[in-house]
Amino acid sequence: MATTVFSGCSSSRKSEPFYGPLKGNDVKILDGQKVFMKNCNKCHPQGESGLGPALNNKGYVPSFIIKFQIRNGLGVMPSFSKERISPEELDNLIEYLKALRKK
Amino acid sequence: MNQYNKKFRFYLIACLAALSISSCYFMHSSSGGGEAKWKAPRQINPKDIAILKGYTIEPVASGLTFPTGITFDESGQAYVVESGYSYGEVFTTPRLLRLEAGGKTTTIAKGQNNGPWTSVFFYKGNFYVAEGGELEGGKILKITPDGKVSELVKGLPSLGDHHTNGAIVGEDGYIYFGQGTATNSAVVGEDNAKFGWLKRKPDFHDIPCRDITLTGENFESKNILSPASKEEVATGAFSSYGTPTKKGQVIKGKIPCSGSIMRIPLGGGSLELIAWGFRNPFGLAFSPQGQLFVTENAYDDRGSRPVWGAGDVLWAVEKDKWYGWPDYSAGDPLTNKDFTPPGEKELKFLIENHPASPPKPVAILGVHSSSNGFDFSRSSSFGFIGDAFIAQFGDQAPTVGKVLNPVGFKVVRVNIKTGDIEDFAVNNSKDNGPASILGSGGLERPVAVRFNPKGDALYVVDFGVLMMTKQGASPQMNTGVIWRITKGE
């Protein structure tokens, strides 16, 4: 549990200088990237740790858990209602996060 | 494994994941990019920088002291300004330098003890410099090629946290510049004493550009100006330290004002307000289509009215619009719980009658990234035509607030149509951060970028080492570098 706690704060380098741009033209992933940039990037810059922890280095986490956290917040992380991120946008955001982690 | 065990495992994983993420912020101490010890000299090694495939970065000059801007004359000759001031209250001599072959410099002009010089722009035979004005107020200077300095405007409200910035000349022949605010969020407090200016200028405060009506929120603090006294004082918005305000009180607007973009004619003359409601509008640039854009350094988690989670912003500037400071961040109201510092009460508005809803931002950059000088690519010889390249000076944690990992210390590329932000040049290391804490020879604190007139090279002005100690900022002289990025490997 301690390993999990502290590893949650470390980062992974997967941005374009390291791994190149995201591959493919999947519309869902591209839309998800826009949602990420509008809502998530400021605390998790390019998916790395900044004000918040890294998002791009997590192993498998079920989508429903990620959605739960986004909708309800957790600790210092705020919640994002359906008015801020619609259900369709949330689905696309998950696809983007998956693509980011696969890099 | 039966279904109950499967469900138990799922919920256990969920709880562990939640615990790891929620514990992160409170269990982890601040780990900003300046929060480490550093030993001179600065190493310089472009191989320690990861850059987008197909591009090359190389150093062209080093040993500079607090460089903040670069420009080019008609022949493509590069010139750099050294600011003459750094946070940490270090005053040196502002200078305009010509970059010579081999990284040498020739001094063209020196300034008075009124830095920082925050930018330089060459236009039709002369240089135009934003003098930040920490001691005497901000100015816009004109400097001739033979080094003669004259003032086009002076007395700008730059005596506080933020300065006169980013002077550029538009095709209309006007000089546009940014004017930063005195405070973090419109209330003078202890944090401003730590910056150094409150005891020097105890009556200084933010000035609105238009008349505003206050909600009368006041903030208590120990009397910093009389430490022997145990009294507490109340300070209101847009007021000097120890001056409370009342609900319905009107603060008259005037020009020049805090948190604005203004312009003057090329030869000097009347100040004209272009837009207001910014916190620290630092970098200005015109897009290839002629639209003015600005980078805004957003709120910090400090002072009498701390704000949490406010990302820096890239804005398209529209005339006469209000951009939200001190009650909005990137278009969202500060009363939104997102901006409440952990463990603090929810923020309240300071202004009763907001001029309008702020515009939507073009892009929202990292919290505490200090996204500063930027430029647009205009040529296929570099690529990414129309994209903005932004220098991120990097966090000054813990003074600005706590971060889990260094933020900034890189050059990013922004697609202004989609708002997508991508790293372009970052240090090649396991973690993000400046070269000084990584023990490498890469980027330290990029503060500005500018394309050369041909558009085939992007120059990066790297301020140098600035550590964050218990006493505050600790800048290191002679550690500034100019980098050049070109297409090709």
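The values are calculated or read from the model by the stated rules, or taken from the named source; none is laboratory data. On a predicted model such as this, the values are computed, not experimentally measured, just so you know. FYI the Cβ positions are ideal-geometry reconstructions off the backbone, even for glycines, and counts take in every protein chain you see. These accessible areas exclude ligands, DNA and RNA; they are computed on the full protein's heavy atoms, side chains included. Shrake-Rupley method; radii C 1.70, N 1.55, O 1.52, S 1.80 Å.
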* From the phi of every residue in the stretch B:273-286, what ³J(HN,Hα) in whole Hz does the Karplus formula 6.51 cos²θ - 1.76 cosθ + 1.60 yield, where θ is phi - 60° and glycine or proline is x? -> 6, 9, 7, 8, x, 9, 9, 9, x, 9, x, 10, 7, 9
* Asked: When we measure straight from the Cα of residue B:454, which lysines land under 26 angstrom away, once same-chain ones fewer than 8 places off are left out?
  -> B:47, B:53, B:104, B:124, B:142, B:410, B:417, B:487
* Cross-link partners among aspartates and glutamates for residue B:110, C-alpha distance below 14 Å, same-chain residues fewer than 8 apart left out? -> B:82, B:131, B:146, B:151
* Average partner coverage of B:191-203, which counts Cβ from other chains inside 10 Å -> 0
* Asked: Remind me, relative contact order of chain B in percent, using alpha carbon pairs under 8 angstrom and six or more residues apart?
  -> 18
* Structure fact -> iface B-A | buried accessible area, total | probe 1.4 Å | Å², round 100 | 3900
* Percent accessible area from carbon and sulfur atoms, the protein assembly as shown, protein chains only, probe 1.4 Å -> 51
* Structure fact -> To the nearest Å², the heavy-atom accessible area per residue of the stretch B:424-468 with 1.4 Å probe amounts to 23
* Set Lys and Arg Cβ to +1 and Asp and Glu Cβ to -1, take the dipole of the protein assembly as shown about its Cα centre, and tell me which of B:405, B:213, B:84 lies farthest positive. => B:405
* Shape of the stretch B:288-440, Cα gyration tensor, a/c cut at 1.5 -> oblate
* **Integer Hz, Karplus 6.51/-1.76/1.60 couplings in order for the stretch A:24-29, x for Gly and Pro** => x, 10, 4, 4, 5, 5
* About the Cα centre, charge dipole magnitude for chain B (Lys/Arg +1, Asp/Glu -1 at Cβ), debye -> 540
* How much accessible area does residue B:131 have with a 1.4 Å probe, in Å² rounded to the nearest 10? -> 10
* Structure fact -> Note on the stretch B:370-428: contact order normalised by length, alpha-carbon pairs under 8 Å, 6 or more apart, percent, works out to 28
* Please give the contour-minus-distance gain from residue B:135 to residue B:100: 0.36 nm per residue of separation, less the Cα-Cα distance, rounded to one decimal in nm. => 9.4 nm
* the stretch A:24-70 to the stretch B:373-445: how many Å between their Cα centroids? -> 19
* Proximal lysines relative to residue A:102, as straight alpha-carbon distance under 16 Å, when same-chain residues fewer than 8 apart are discounted -> A:14, A:23, A:28, A:58
* Asked: What does the average come to when, for each residue of peptide B:418-431, you count the partner chain Cβ atoms lying within 10 Å of its Cβ?
  -> 5
* To do: Using a cut-off of 10 Å between beta-carbons, work out the net charge of the residues near residue B:381 (Lys and Arg +1, Asp and Glu -1, residue B:381 not included).
  => +2
* Asked: What order do B:87, B:25 take when sorted by accessible area (1.4 Å probe), most exposed first?
  -> B:87, B:25
* List the equivalent ellipsoid semi-axes of the protein assembly as shown in whole Å, largest first, each obtained as the square root of 5λ for an eigenvalue λ of the Cα gyration tensor. => 36, 30, 22
